[in-house]
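Values in this text are rule-based calculations from the coordinates and carry no lab data. Predicted model, so just to flag it, every value in this text is computed and none were measured. Neighbour counts run over all protein chains shown; Cβ positions are idealised from the backbone, glycine included.
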Amino acid sequence: MPLSQRTLRVVPKVEDWRTPTKILHESIEHLSLLSLSAGNPWARSHMMAWEFSDVVKSTGSMKLEAALRDSILAWARYGETHRAVHGSNIGEDGVLGTAWKAQAQTLLIMLNGELGRLDGGTLDKLIRAIAETCGVDLEV
């Protein structure tokens, strides 16, 4: 089952807000285009790891790919759902915003570990873009 049907759920749209789901889809579309280009085998490997790794059925580093992907998706989904439920960015929440930011920083640290076929630079950019759209500055 494709990632878009399996892990991303549509949340009520908020006008003029670049949702984490939209950022994830843009990243996947960009990598799909790159993987079709000659000379970009890393993009194809990353796409295969992102789309098809299964934490239960996979072995070795593929389990880690799936676990990291699932962690990023859950974190992003929480930030998006917070806005849908509360009408404000999670970064504006004095308690949950701090915890959500800490999760983002932890995910960035996890990129220093085993990534298998995933591309750390792509994931770093993705995490930072989602944090920014949810009102969290990871540079502070």
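Summary of computed values
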{"quantity": "In the stretch 49-140, GluC sites (Glu not before Pro) in a DSSP loop with at most 16 other beta-carbon atoms within 10 Å", "calculated": "Glu114, Glu139"}
{"quantity": "For Arg117, residues with placed amide H under 5 Å, excluding near neighbours", "calculated": "none"}
{"quantity": "Spatial extent of the stretch 18-133: Rg and Dmax, with the Cα atoms as the point set, Å", "calculated": "14.7, 47"}
{"quantity": "Cleavage-rule hits (trypsin sites (Lys or Arg not before Pro)) in the stretch 33-140: DSSP loop, at most 12 neighbouring Cβ within 10 angstrom", "calculated": "Lys57"}
{"quantity": "Cα-Cα over 26 Å, subset of Lys101/Lys125; Lys57/Lys125; Lys22/Lys125", "calculated": "Lys57/Lys125"}
